[in-house]
Amino acid sequence: MSEPDPHDDRPESWPALPLAQWQDTYDTLHMWTQIVGKVRLLQTPLVNHWWNVPLYVNARGLTTSAMPYQGRTFELRFDFESHALVLETSDRIVRTLPLAPCTVADFYDASMRMLHGAGIDVAIWPMPVEVPDPIRFDRDRTHASYDRDAVDRFFRVLTSVARVLEIFRAGFIGKCSPVHFFWGSFDLAVTRFSGRRAPERPGADAITREAYSHEVSSVGFWPGSGSVTDAAFYAYAAPEPKGFADQTIHPPRAHYDKPLGEFILMYDDVRNADSPTRALLDFCHSTYAAAADLAQWDRAALERSSNPGH
(Lines give C-alpha, C1' and ligand atoms only; values in the text may rest on other atoms or scores of the structure.)
Protein backbone atom coordinates (compact mmCIF):
# COMPACT_ATOMS: atom_id res chain seq x y z
CA MET A 1 0.00 0.00 0.00
CA SER A 2 1.83 3.09 -1.22
CA GLU A 3 -0.86 5.69 -0.54
CA PRO A 4 -3.53 5.88 2.18
CA ASP A 5 -7.11 5.45 1.04
CA PRO A 6 -8.74 8.91 0.84
CA HIS A 7 -12.16 7.38 1.51
CA ASP A 8 -11.00 6.65 5.07
CA ASP A 9 -10.75 10.41 5.71
CA ARG A 10 -14.48 11.00 5.78
CA PRO A 11 -15.46 13.40 8.61
CA GLU A 12 -17.46 10.68 10.40
CA SER A 13 -14.25 8.64 10.67
CA TRP A 14 -12.59 11.47 12.66
CA PRO A 15 -15.36 12.77 14.96
CA ALA A 16 -14.94 15.51 17.53
CA LEU A 17 -13.90 14.19 20.93
CA PRO A 18 -13.69 17.15 23.36
CA LEU A 19 -12.44 15.82 26.66
CA ALA A 20 -14.62 18.11 28.78
CA GLN A 21 -17.78 16.59 27.27
CA TRP A 22 -16.97 13.01 28.20
CA GLN A 23 -14.51 13.25 31.09
CA ASP A 24 -16.77 11.36 33.51
CA THR A 25 -17.40 8.55 31.01
CA TYR A 26 -13.69 8.44 30.14
CA ASP A 27 -12.74 8.11 33.83
CA THR A 28 -15.28 5.31 34.34
CA LEU A 29 -14.38 3.43 31.15
CA HIS A 30 -10.71 3.73 32.08
CA MET A 31 -11.36 1.80 35.28
CA TRP A 32 -13.48 -0.80 33.48
CA THR A 33 -10.71 -1.45 30.95
CA GLN A 34 -8.24 -1.82 33.81
CA ILE A 35 -10.39 -4.55 35.35
CA VAL A 36 -10.48 -6.50 32.08
CA GLY A 37 -6.83 -5.73 31.36
CA LYS A 38 -5.76 -7.12 34.71
CA VAL A 39 -7.43 -10.41 33.81
CA ARG A 40 -5.29 -10.51 30.67
CA LEU A 41 -2.18 -9.65 32.68
CA LEU A 42 -2.92 -12.49 35.11
CA GLN A 43 -3.63 -15.13 32.46
CA THR A 44 -0.81 -14.54 29.97
CA PRO A 45 2.94 -15.18 30.14
CA LEU A 46 5.20 -12.14 30.35
CA VAL A 47 6.26 -10.84 26.95
CA ASN A 48 9.11 -8.36 26.52
CA HIS A 49 8.14 -4.75 27.30
CA TRP A 50 4.81 -5.96 28.77
CA TRP A 51 3.34 -6.73 25.35
CA ASN A 52 1.14 -9.36 26.99
CA VAL A 53 -0.70 -6.60 28.88
CA PRO A 54 -2.54 -4.42 26.30
CA LEU A 55 -5.90 -4.75 24.62
CA TYR A 56 -6.41 -4.60 20.85
CA VAL A 57 -8.79 -2.70 18.59
CA ASN A 58 -11.08 -5.04 16.68
CA ALA A 59 -14.11 -4.53 14.42
CA ARG A 60 -16.45 -3.79 17.34
CA GLY A 61 -14.34 -2.46 20.19
CA LEU A 62 -11.43 -3.62 22.34
CA THR A 63 -10.46 -7.23 23.00
CA THR A 64 -8.06 -9.16 25.19
CA SER A 65 -7.62 -11.74 22.39
CA ALA A 66 -7.63 -15.43 23.41
CA MET A 67 -6.31 -16.28 26.89
CA PRO A 68 -5.59 -19.75 28.31
CA TYR A 69 -7.39 -21.17 31.33
CA GLN A 70 -7.03 -24.78 32.52
CA GLY A 71 -7.15 -26.40 29.11
CA ARG A 72 -9.67 -23.93 27.73
CA THR A 73 -9.34 -20.52 26.12
CA PHE A 74 -11.49 -17.47 26.70
CA GLU A 75 -11.74 -13.92 25.48
CA LEU A 76 -13.16 -10.74 26.98
CA ARG A 77 -14.09 -7.91 24.68
CA PHE A 78 -15.70 -4.52 24.98
CA ASP A 79 -18.29 -4.48 22.20
CA PHE A 80 -18.89 -0.78 21.63
CA GLU A 81 -21.42 -1.48 18.89
CA SER A 82 -23.86 -3.38 21.12
CA HIS A 83 -22.46 -1.73 24.29
CA ALA A 84 -21.68 -4.90 26.18
CA LEU A 85 -18.75 -6.68 27.77
CA VAL A 86 -18.69 -10.08 26.10
CA LEU A 87 -17.15 -13.26 27.49
CA GLU A 88 -16.68 -16.12 25.03
CA THR A 89 -14.97 -19.45 25.69
CA SER A 90 -13.60 -22.25 23.55
CA ASP A 91 -16.31 -24.57 24.90
CA ARG A 92 -19.09 -22.39 23.48
CA ILE A 93 -20.04 -20.42 26.57
CA VAL A 94 -21.08 -16.85 25.78
CA ARG A 95 -22.00 -14.34 28.46
CA THR A 96 -22.70 -10.61 28.16
CA LEU A 97 -22.69 -7.73 30.61
CA PRO A 98 -24.46 -4.56 29.39
CA LEU A 99 -22.38 -1.39 29.35
CA ALA A 100 -24.54 1.24 31.02
CA PRO A 101 -24.15 3.80 33.81
CA CYS A 102 -23.02 1.96 36.94
CA THR A 103 -20.29 2.28 39.53
CA VAL A 104 -16.87 0.74 39.05
CA ALA A 105 -17.57 -1.35 42.15
CA ASP A 106 -20.74 -2.78 40.59
CA PHE A 107 -19.01 -3.40 37.24
CA TYR A 108 -16.14 -5.15 39.03
CA ASP A 109 -18.55 -7.38 40.95
CA ALA A 110 -20.64 -8.18 37.87
CA SER A 111 -17.65 -8.95 35.63
CA MET A 112 -16.06 -11.23 38.23
CA ARG A 113 -19.38 -13.04 38.72
CA MET A 114 -19.71 -13.46 34.95
CA LEU A 115 -16.27 -15.10 34.79
CA HIS A 116 -16.89 -17.32 37.81
CA GLY A 117 -20.27 -18.37 36.41
CA ALA A 118 -18.45 -19.65 33.32
CA GLY A 119 -16.06 -21.67 35.49
CA ILE A 120 -13.19 -19.17 35.20
CA ASP A 121 -11.99 -18.46 38.71
CA VAL A 122 -9.58 -15.53 38.57
CA ALA A 123 -8.70 -13.06 41.29
CA ILE A 124 -7.05 -9.82 40.17
CA TRP A 125 -5.33 -7.16 42.27
CA PRO A 126 -8.21 -4.67 42.61
CA MET A 127 -6.11 -1.49 42.65
CA PRO A 128 -5.96 0.81 39.61
CA VAL A 129 -2.57 1.82 38.23
CA GLU A 130 -1.17 4.92 36.54
CA VAL A 131 -3.87 7.23 37.88
CA PRO A 132 -3.73 9.84 40.66
CA ASP A 133 -5.55 9.04 43.90
CA PRO A 134 -6.55 5.48 42.92
CA ILE A 135 -9.64 3.89 44.46
CA ARG A 136 -9.91 0.11 44.75
CA PHE A 137 -12.28 -1.26 42.14
CA ASP A 138 -14.49 -2.90 44.76
CA ARG A 139 -14.81 0.40 46.66
CA ASP A 140 -15.10 2.84 43.77
CA ARG A 141 -18.59 4.33 43.81
CA THR A 142 -17.29 7.66 42.49
CA HIS A 143 -17.00 6.75 38.81
CA ALA A 144 -20.35 5.67 37.39
CA SER A 145 -20.88 7.34 33.99
CA TYR A 146 -21.44 5.83 30.56
CA ASP A 147 -22.40 8.08 27.64
CA ARG A 148 -23.05 5.82 24.63
CA ASP A 149 -22.58 8.62 22.10
CA ALA A 150 -19.20 9.58 23.56
CA VAL A 151 -18.03 5.96 23.60
CA ASP A 152 -19.17 5.58 19.99
CA ARG A 153 -17.11 8.63 18.97
CA PHE A 154 -14.11 7.38 20.95
CA PHE A 155 -14.29 4.01 19.22
CA ARG A 156 -14.45 5.61 15.78
CA VAL A 157 -11.34 7.62 16.65
CA LEU A 158 -9.55 4.46 17.84
CA THR A 159 -10.47 2.68 14.61
CA SER A 160 -9.14 5.51 12.43
CA VAL A 161 -5.97 5.95 14.45
CA ALA A 162 -5.27 2.20 14.54
CA ARG A 163 -5.58 2.05 10.75
CA VAL A 164 -3.01 4.83 10.30
CA LEU A 165 -0.62 3.40 12.88
CA GLU A 166 -0.78 0.04 11.08
CA ILE A 167 0.24 1.78 7.84
CA PHE A 168 3.14 3.41 9.69
CA ARG A 169 4.13 0.12 11.34
CA ALA A 170 4.25 -1.64 7.95
CA GLY A 171 7.21 0.45 6.84
CA PHE A 172 9.52 -0.98 9.52
CA ILE A 173 11.20 -4.39 9.34
CA GLY A 174 13.10 -4.15 12.59
CA LYS A 175 11.60 -5.08 15.94
CA CYS A 176 8.29 -3.29 16.36
CA SER A 177 5.40 -3.61 18.78
CA PRO A 178 1.85 -4.36 17.71
CA VAL A 179 -0.56 -1.43 17.57
CA HIS A 180 -2.00 -1.93 21.02
CA PHE A 181 -4.09 -0.23 23.69
CA PHE A 182 -2.51 0.22 27.10
CA TRP A 183 -5.27 0.26 29.69
CA GLY A 184 -2.99 1.71 32.38
CA SER A 185 -2.44 4.98 30.53
CA PHE A 186 -5.49 4.59 28.25
CA ASP A 187 -3.56 5.14 25.04
CA LEU A 188 -3.17 3.47 21.65
CA ALA A 189 0.47 3.19 20.63
CA VAL A 190 3.08 1.59 18.40
CA THR A 191 6.79 1.44 19.21
CA ARG A 192 9.83 0.91 16.99
CA PHE A 193 13.15 -0.41 18.32
CA SER A 194 16.72 0.26 17.17
CA GLY A 195 17.85 -3.21 18.29
CA ARG A 196 20.27 -1.79 20.85
CA ARG A 197 19.94 -2.01 24.61
CA ALA A 198 19.28 1.25 26.43
CA PRO A 199 21.23 2.48 29.45
CA GLU A 200 19.49 1.47 32.66
CA ARG A 201 17.46 4.26 34.16
CA PRO A 202 18.65 5.24 37.65
CA GLY A 203 15.99 4.54 40.24
CA ALA A 204 13.59 2.96 37.73
CA ASP A 205 11.11 0.42 39.08
CA ALA A 206 10.84 -3.08 37.63
CA ILE A 207 7.99 -2.13 35.29
CA THR A 208 9.86 0.83 33.80
CA ARG A 209 13.11 -1.15 33.47
CA GLU A 210 11.32 -3.81 31.45
CA ALA A 211 9.40 -1.29 29.33
CA TYR A 212 12.52 0.70 28.37
CA SER A 213 15.26 -1.90 28.33
CA HIS A 214 15.99 -1.06 24.67
CA GLU A 215 16.12 2.10 22.57
CA VAL A 216 12.70 3.09 21.26
CA SER A 217 10.79 5.59 19.18
CA SER A 218 7.11 5.55 20.10
CA VAL A 219 3.98 7.30 18.85
CA GLY A 220 0.42 7.12 20.11
CA PHE A 221 -2.95 8.69 20.88
CA TRP A 222 -4.83 9.33 24.09
CA PRO A 223 -7.90 11.37 25.09
CA GLY A 224 -5.80 13.80 27.12
CA SER A 225 -4.96 14.25 30.79
CA GLY A 226 -3.07 16.57 33.11
CA SER A 227 -1.50 19.49 31.27
CA VAL A 228 -2.75 18.20 27.90
CA THR A 229 -6.36 19.20 28.25
CA ASP A 230 -7.80 17.57 25.13
CA ALA A 231 -7.30 14.57 22.87
CA ALA A 232 -3.80 14.45 21.39
CA PHE A 233 -1.12 12.45 19.66
CA TYR A 234 2.29 12.10 21.26
CA ALA A 235 5.72 10.91 20.19
CA TYR A 236 8.89 10.38 22.18
CA ALA A 237 12.30 8.73 22.04
CA ALA A 238 13.80 6.79 24.94
CA PRO A 239 16.52 7.48 25.72
CA GLU A 240 16.01 10.90 24.18
CA PRO A 241 18.95 11.84 21.92
CA LYS A 242 20.52 15.26 22.27
CA GLY A 243 18.77 17.83 20.12
CA PHE A 244 15.54 15.86 19.74
CA ALA A 245 13.38 18.61 21.23
CA ASP A 246 14.70 21.13 18.70
CA GLN A 247 13.86 19.16 15.57
CA THR A 248 11.38 20.41 12.97
CA ILE A 249 8.32 18.15 13.10
CA HIS A 250 5.34 17.93 10.78
CA PRO A 251 2.59 19.04 10.70
CA PRO A 252 3.80 22.50 11.79
CA ARG A 253 1.32 22.69 14.70
CA ALA A 254 3.15 19.86 16.49
CA HIS A 255 5.24 21.09 19.40
CA TYR A 256 7.61 19.73 22.02
CA ASP A 257 6.24 19.65 25.57
CA LYS A 258 9.23 19.98 27.90
CA PRO A 259 7.54 18.75 31.12
CA LEU A 260 6.28 15.64 29.31
CA GLY A 261 9.43 15.13 27.25
CA GLU A 262 7.29 14.41 24.18
CA PHE A 263 6.15 15.97 20.94
CA ILE A 264 2.42 16.72 21.06
CA LEU A 265 -0.01 17.17 18.17
CA MET A 266 -3.58 17.94 19.13
CA TYR A 267 -6.22 15.59 17.75
CA ASP A 268 -8.30 18.50 16.43
CA ASP A 269 -5.34 19.65 14.31
CA VAL A 270 -5.32 16.22 12.67
CA ARG A 271 -9.11 15.92 12.44
CA ASN A 272 -9.41 19.31 10.71
CA ALA A 273 -6.54 18.74 8.26
CA ASP A 274 -7.27 18.32 4.55
CA SER A 275 -6.19 14.70 5.02
CA PRO A 276 -6.14 13.50 8.65
CA THR A 277 -4.41 10.31 7.54
CA ARG A 278 -1.60 12.21 5.84
CA ALA A 279 -1.25 14.63 8.76
CA LEU A 280 -0.91 11.79 11.26
CA LEU A 281 1.52 9.87 9.04
CA ASP A 282 3.64 13.02 8.71
CA PHE A 283 3.76 13.26 12.50
CA CYS A 284 4.69 9.58 12.85
CA HIS A 285 7.40 9.68 10.20
CA SER A 286 8.96 13.01 11.16
CA THR A 287 9.22 12.23 14.88
CA TYR A 288 10.65 8.79 14.13
CA ALA A 289 13.17 10.23 11.64
CA ALA A 290 14.29 12.82 14.18
CA ALA A 291 14.86 10.16 16.84
CA ALA A 292 16.48 7.62 14.52
CA ASP A 293 18.84 10.08 12.81
CA LEU A 294 20.00 11.76 16.02
CA ALA A 295 20.56 8.39 17.73
CA GLN A 296 22.24 6.96 14.61
CA TRP A 297 19.94 4.01 14.09
CA ASP A 298 20.82 1.76 11.16
CA ARG A 299 17.82 2.95 9.17
CA ALA A 300 18.84 1.16 5.95
CA ALA A 301 18.63 -2.18 7.79
CA LEU A 302 15.46 -1.35 9.74
CA GLU A 303 13.17 0.12 7.09
CA ARG A 304 11.60 -1.13 3.87
CA SER A 305 13.13 0.36 0.76
CA SER A 306 9.57 1.23 -0.29
CA ASN A 307 8.01 2.64 2.86
CA PRO A 308 4.18 2.28 2.96
CA GLY A 309 2.29 5.46 3.53
CA HIS A 310 5.34 7.72 3.11
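Miscellaneous remarks
- Listed by first and then second residue, the pairs with beta-carbon distance under 6 Å, at least 6 apart or on different chains, first residue in the stretch 281-310 and at pLDDT 95 or above and assigned to a loop (DSSP other than H, G, I, E, B), second open to solvent by less than 30 Å² (accessible area, probe 1.4 Å) and not hydroxyl-bearing (Ser, Thr, Tyr), are Ala295/Pro241.
- Top-ranked residue in the stretch 144-181 [being under 17 Å from the mean Cα position of the chain (by Cα) and acidic (Asp, Glu); ranked as surrounded by the fewest Cβ atoms within 10 Å (Cβ to Cβ)]: Asp152
- Some residue of the stretch 182-199 being surrounded by 14 or more Cβ atoms within 10 Å (Cβ to Cβ), at pLDDT below 95 and over 22 Å from Glu75 (Cα atoms): yes
- Which numbered condition Lys258 misses (of (1) basic (Lys, Arg); (2) under 22 Å from Val164 (Cα atoms); (3) touching a residue at least 12 places away in the same chain (Cβ under 8 Å)): (2)
- The stretch 1-41 - residue that is among the small types (Gly, Ala, Ser) and open to solvent by 10 Å² or more (accessible area, probe 1.4 Å) and, of those, modelled with the lowest pLDDT: Ser2
- A single member of Tyr56, Tyr108 is open to solvent by 30 Å² or more (accessible area, probe 1.4 Å), touching a residue at least 24 places away in the same chain (Cβ under 8 Å) and assigned to a strand (DSSP E or B), and it is Tyr56.
- Among the candidates Glu215, Glu240, Glu210, Glu262, residue that is within 26 Å of Thr64 (Cα to Cα) and of a type in the set (D, E, K, R): Glu210
- Among all residues of the stretch 61-83, there is none that is assigned to a helix (DSSP H, G or I) and closer than 30 Å to Asp282 by Cα.
- Filtered by the rule that a residue be open to solvent by 50 Å² or more (accessible area, probe 1.4 Å) and either over 20 Å from Leu29 (Cβ atoms) or at pLDDT below 95 (or both), the stretch 117-129 gives Gly117, Asp121, Ala123.
The values are calculated or read from the model by the stated rules, or taken from the named source; none is laboratory data. Every value quoted in this text rests on a predicted model; they were computed, and no experiment measured them. Using ideal geometry, Cβ is built from the backbone for each residue, glycine included, and neighbour counts are taken over all protein chains shown. Each accessible area value is taken on the protein alone, full model and side chains, heavy atoms only, with ligands, DNA and RNA left out. Shrake-Rupley method; radii C 1.70, N 1.55, O 1.52, S 1.80 Å.
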